[in-house]
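For reference, the structure discussed in these notes is given below.
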Amino acid sequence: MTGRGAAPGRLSVGSWVLYDLANTVFALGVIGLYFPDWLASVGQRDSALALVEAAAGAIVVFVAPWAGARSDVRGTRVPTLMVTTVVAVAATSLLASGPVVISLILLGVALVAFNVGSVVYDALLVDVSTPANRGRISGRGVGVGYLGSFVGLGLGLITLDVLGWSYAATFAVLALAFLILALPAFFFIDERDGHDDAPLPGMRDVVSRLVASWRLASTYDGVVRFLVGRFLYTDAINTLIGGFLTIFVTRELGLDREFVTALLAVAITAAIFGALGAGRLVERLGPMRVLRMVLVLWMMAIGAGVAAAVTGRPGLAWAIGPLGGVALGATWTADRVVMTRVSPPRHLGEFYGLYATVGRFATILGPLTWALIVDALGLGRRLAMGALIGFVAMGWWVLRRVDDSERAWPVADLPLAGDRGH
């Protein structure tokens, strides 16, 4: 651990950034591409994946704040990151190697571990940055993380298409890549000193702790309002990147998979530049101002898709790639810096648990909203895309009153031994 006043070292920062890349290998390689492909190859319906993701999300809603609070009390987060990563890697390595139901259960375990680990990982941002460079460090993490999309895609192409290996072998390779890229974070991230004297919260305290966390968050100006706004715009974003953009482009615009692949490649590239550029803008303009600008960009990107469908000009869909990609990278760069601004250092891990909670609720409710509009009400995908614009617009409106200026936190809101980032 690094003591009070010590500057974050390059190895510590680099290890934190590299973990973001490891995360994305799993997120895109397993969840975004190859596990859904495997399910289709064995004749499973989309609802199988949807139910697993919904169940995992419901578990994370309760477990994430508890895990974050325990890391706050201990004053260290890397051990939790190690455990959750190893669990996710182990479960991923066994996918497609047995009955389908077992693989679905293993995926659920991996998703829970992956998302709980993300809570403590995000909270480690204050340990690898200072208020002066936090936007840049966050942007590097997101930008480098998107390179993991290419890594995950490339590993799958090599194992499946070039070498002709099975899906089971592909998942094992992706799991190994996740672990290797995560290892530096286990050993080289320097954390702040100190721990709280409060007792560690137990699993029996999960529900009460969740309620208590929301009550505690409501006593700090801007925290709950930011989380509500985050729920609204994340609802739209997670729905798009969760597969519904692909459905819209292929089924509503009539474009083929080659077009979708090219569009995703453009979007990923744009996301890298969006994340890195947003990091510097965050430091110049403030994270909330940048975030609200980015939400306008999201509305333009989604609107381009709707316009392509309404006008019968599918070429307009090309705007979704660069606009949506830049917006995606910039969103995650800015919004987790906002979280560090409005949250007291002593409760940062706990509040990042709430941050993850609203993201998981959005992951559950967003696709259900799409299904309600398209399938239950029969109103079509264009209106569903319009609803997503509405969610982003409401998020923009809610966030307009969030103050993200630097706080002079009282001693009671600081970690016992101080925090070099504050």
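Which of the residues belonging to region 97-119 are buried (at least 22 other Cβ atoms within 10 Å of the Cβ), of a type in the set (A, V, I, L, M) and touching a residue at least 40 places away in the same chain (Cβ under 8 Å)?
Leu107, Ala110, Leu111, Val112, Val116, Val119
Can you tell which of Gly135, Gly154, Gly145, Gly141 is at pLDDT 80 or above, assigned by TED's automatic domain parsing to the domain that holds Asp122 and within 26 Å of Ala278 (Cβ to Cβ)?
Going through Gly135, Gly154, Gly145, Gly141 in turn, the sole match is Gly154.
Given the conditions (1) surrounded by fewer than 19 Cβ atoms within 10 Å (Cβ to Cβ); (2) at pLDDT below 85, and given that Pro79 satisfies all but one, which numbered condition is not satisfied?
(2)
Mind counting the residues in region 106-126 that are at pLDDT 90 or above and among the small types (Gly, Ala, Ser)?
Adding up the residues that qualify gives 4.
Just checking, which of Gly353, Gly324 is closer than 28 Å to Trp214 by Cβ and touching a residue at least 40 places away in the same chain (Cβ under 8 Å)?
The match here is Gly353.
Looking only at region 394-422, filter to residues that are surrounded by fewer than 17 Cβ atoms within 10 Å (Cβ to Cβ) and either of a type in the set (Val, Ile, Thr) or not in a loop (DSSP other than H, G, I, E, B) (or both); which one of those is modelled with the highest pLDDT?
Per the criteria, the residue is Trp397.
Yes or no: region 154-167 includes at least one residue that is in contact (Cβ under 8 Å) with a residue 40 or more places away in the chain and under 21 Å from the mean Cα position of the chain (by Cα).
no
Which residues, counting only those in region 153-163, are over 22 Å from Val100 (Cβ atoms) and either touching a Leu at 6+ places or on another chain (Cβ under 8 Å) or assigned to a helix (DSSP H, G or I) (or both)? Walk me through it before giving the result.
Looking only at region 153-163, we keep the residues that are over 22 Å from Val100 (Cβ atoms), and these are 153-155, 157-158, 161-163.
Those that are over 22 Å from Val100 (Cβ atoms) and either touching a Leu at 6+ places or on another chain (Cβ under 8 Å) or assigned to a helix (DSSP H, G or I) (or both): Leu153, Gly154, Leu155, Leu157, Ile158, Asp161, Val162.
Taking the stated definitions as given, is Ser129 more than 17 Å from the chain's Cα centre (by Cα) and modelled with pLDDT of 90 or more?
no
Can you find a residue in region 164-182 that is in contact with a Leu (Cβ under 6 Å, 6 or more places away or on another chain) and under 15 Å from Leu81 (Cα atoms)?
There is at least one residue in region 164-182 that is in contact with a Leu (Cβ under 6 Å, 6 or more places away or on another chain) and under 15 Å from Leu81 (Cα atoms).
Take the residues in region 120-169 that are farther than 24 Å from Arg70 by Cα and of a type in the set (Val, Ile, Thr), then tell me which one is surrounded by the most Cβ atoms within 10 Å (Cβ to Cβ).
Top of the filtered list is Val142.
Condition test on Leu39, is it crowded, with 23+ Cβ neighbours inside 10 Å and at pLDDT below 80?
Judged against the criteria, Leu39 is not a match.
Considering only residues of region 32-89 that are free of Cβ contacts under 8 Å to residues at least 60 places away in the same chain and in a loop (DSSP other than H, G, I, E, B), which is farthest from Glu191 (Cα to Cα)?
Gly43
In region 279-300, is there at least one residue being small (Gly, Ala, Ser) and within 19 Å of the chain's Cα centre (by Cα)?
Yes: region 279-300 contains one or more residues that are small (Gly, Ala, Ser) and within 19 Å of the chain's Cα centre (by Cα).
If Gly242 meets every condition in (1) part of a helix (DSSP H, G or I); (2) modelled with pLDDT of 75 or more; (3) crowded, with 17+ Cβ neighbours inside 10 Å apart from one, which number is that one?
(2)
The values are calculated or read from the model by the stated rules, or taken from the named source; none is laboratory data. The shown structure was predicted, so the numbers you read here are calculated from the model rather than taken from an experiment. Don't worry about glycine lacking a Cβ; one is built from the backbone with ideal geometry, like all the others, and counts go over all protein chains shown.
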